[in-house]
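Taking it in order: structure first as structure tokens, then the write-up.
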């Protein structure tokens, strides 16, 4: 009898051990499920709260850009780094920092009229095609114009006056922002070029704005809230973007304005007429 009872006892102990192991496994799975559920809930709550805060602050959720702040020789640069297909040009008719968009100020203007080219698919952003001050042309002299060829997905700087001179693959898929040539790779010739293009107050200490791109086609929208000369601003950009390819200076001083989730620069508070802005989610550029 003893051997039989011993076997039965051993069998029962084994069954109890197996049941205990299964129970422990089930409990572990339950704990893991609860932990995952709580983590997912936490993420969902964080996203919901973050989105709600964004709405409450009036700052729409933009994708496809990075904010960077760099300093070089005392010049602080605020940069929105993005891709050219994620931006467009628009008439803002107000201060960029108070607009509903993320971006920077655009070209030059006077008395509400655009003096710099601002074209999207052959249409000026500030009025009718061909109308003075609409953004159809660079007024007075040919000037450096940052052009995105959407069909080729290629950026370039072209010195021109009117839309007929633009070199693009598809007139229905491009944008062109006028400014002043920067020529970051031409130390010997850039100064004469800005003089030919009538750059205003290059040697004064003023706020500055630029749009440049690197060798991989990334677009940098740059504003400094440090009062500086055009040469110092250019040097700071070159030092901060080692792979810089080309770019243009934009309107500056009180017009140097920027808006993003991370920063807001209002210049001297003035109204500007046009901006380079990020496209919103689900918006076609």
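In segment 65-278, the alpha-carbon atoms span a convex hull of 105 Å³ per residue. Between residue 227 and residue 81, the FRET efficiency estimated from the beta carbon spacing at R0 = 30 angstrom works out to 0.80.
If the chain linking residue 187 and residue 71 were pulled fully straight, counting 0.36 nm for each residue of separation and taking away their Cα-Cα distance, it would gain 39.6 nm.
What does the C-alpha gyration tensor say about the overall shape of segment 144-237? Classify as rounded when a/c is under 1.5, otherwise prolate if a/b is larger than b/c, or oblate. Prolate is the answer for segment 144-237, as a/c is 1.5 or above and a/b outweighs b/c. From least to most packed, judged by other beta carbons within 10 angstrom and beginning with the fewest, 101, 201, 233 follow the order 201, 101, 233. Rounded to the nearest 0.05, the FRET efficiency derived from the C-beta distance between residue 169 and residue 204 at R0 = 45 Å is 0.70. Using R0 = 22 Å, the C-beta based FRET efficiency linking residue 129 and residue 282 works out to 0.20. For the pair residue 195 and residue 63 in one chain, pulling the backbone fully straight at 0.36 nm per residue adds 43.7 nm over the alpha carbon distance. When each of 175, 190 is scored by the number of other beta-carbon atoms lying within 10 Å, the sequence from fewest to most is 190, 175.
Rule-based calculations on the coordinates, nothing more; no lab input. Note that this is a predicted model, so its numbers are computed, not measured. Note: ideal-geometry Cβ built from the backbone for every residue, glycine included; neighbour counts use all protein chains shown.
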